[in-house]
Amino acid sequence: MRDRQLARGARRVREFEAFVAGAAGRLLHAATLLTAEAPDANPRARRLLTLALAHTYARWDRLRGEDPYDCARQYLATRFARSTWHRYGALGRARPDPRSPLAALSPRERLVLVLRLYDGVAEEQAAALLGLPAERVHSICDRATATVLHPAPQTPPPPMSGRVAPS
């Protein structure tokens, strides 16, 4: 009996390690986009990924035919949403890194854009996951896409007042 439990535990660990090896990079990239951190300096995204993988590992035996990537992505999205929209935890308190491609977006816009365009989640699924009407998800995605594709022009700094140096 004990040998069977050990073998089952070892198989579970191997399966989960294979899943992490295949999915962790994509999940980390999604978390980095969500937190709007620079790809080379993303501690909040790494923490979010760690929490999502820990949650997925805890549910591993109960997945029974479900896609573990969907489970991890769903937890990643809901954890990010709770931490930013309700101001729980440190994920929502930090300012976006200006080097991030999604820095100009609000957390909700980043979440919808990552779910819809990066992960390819259907509009209805994203709406159900976020607890929003599908029309709202559609409008948020449209607005976020327009903001990313057509950023507001940056105004140059005002000229320095005072004397002008002689030439």
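Calculate one ³J(HN,Hα) per residue across segment 124-141 by plugging θ = phi - 60° into the Karplus curve 6.51 cos²θ - 1.76 cosθ + 1.60, and present them in order as whole Hz with x for glycine and proline.
Karplus values, whole Hz, x for Gly and Pro: 5, 5, 5, 5, 5, 5, 8, x, 10, x, 4, 5, 5, 4, 4, 5, 5, 5.
Across segment 63-70, in residue order, what do the Karplus-derived ³J(HN,Hα) couplings come to in whole Hz, using 6.51 cos²θ - 1.76 cosθ + 1.60 with θ = phi - 60° and x for Gly and Pro?
Ordered by residue, 3J(HN,Hα) equals 5, 6, x, 6, 6, x, 5, 4 Hz.
For the chain, modelled as a Gaussian network with Cα springs under 10 Å, which listed residue fluctuates most, V148, V13, V112?
Of V148, V13, V112, the Gaussian network model singles out V13 as fluctuating most.
So, with a 1.4 angstrom probe, what is the percent of accessible area on the chain that is carbon and sulfur?
Roughly 56 percent, rounded to a whole number.
Please compute the length gained on full extension between R12 and E124, using 0.36 nm multiplied by the number of residues separating them and subtracting their Cα-Cα distance.
Value of the extension gain: 37.1 nm.
Please list 3J(HN,Hα) in residue order for segment 102-111, calculated via the Karplus relation 6.51 cos²θ - 1.76 cosθ + 1.60 where θ = phi - 60°; whole Hz, with x for glycine and proline.
10, 5, 7, 9, 6, x, 5, 5, 4, 4
All other residues with a Cβ under 14 Å from the Cβ of A41 taken together, and with Lys, Arg as +1 and Asp, Glu as -1, what is their net charge?
The answer is +2.
So how tilted is helix 2-35 from the main axis of the chain? Cα-based, degrees 0 to 90, rounded to 10.
The helix 2-35 is inclined about 10 degrees to the chain.
Net charge near Q74, counting Lys/Arg +1 and Asp/Glu -1 over other residues with Cβ under 15 Å of its Cβ?
With Lys, Arg at +1 and Asp, Glu at -1, the net is +2.
Can you tell me the accessible area per residue over the chain, all protein chains present, probe 1.4 angstrom, in square angstrom?
That works out to 64 Å² per residue.
Under 5 Å between amide hydrogens, which residues at least 5 positions from A38 or on another chain qualify, with H placed 1.01 Å from N in the peptide plane?
Counting only residues 5 or more places away or on other chains, the set is D97.
From the helices alone, meaning DSSP H stretches of at least four residues, give me the mean residue ellipticity at 222 nm for the chain, per-run term -39500 (n - 2.57), in deg cm²/dmol to the nearest 500.
Roughly -20000 deg cm²/dmol at 222 nm, from the helical runs in the chain.
The values are calculated or read from the model by the stated rules, or taken from the named source; none is laboratory data. Computed from a predicted model, the values in this text were never measured in an experiment. Here the Cβ is made from the backbone with ideal geometry for all residues, glycine too, and neighbour counts use every protein chain on show. Keep in mind that these areas ignore ligands, DNA and RNA; they rest on the heavy atoms of the full protein, side chains included. Shrake-Rupley method; radii C 1.70, N 1.55, O 1.52, S 1.80 Å.
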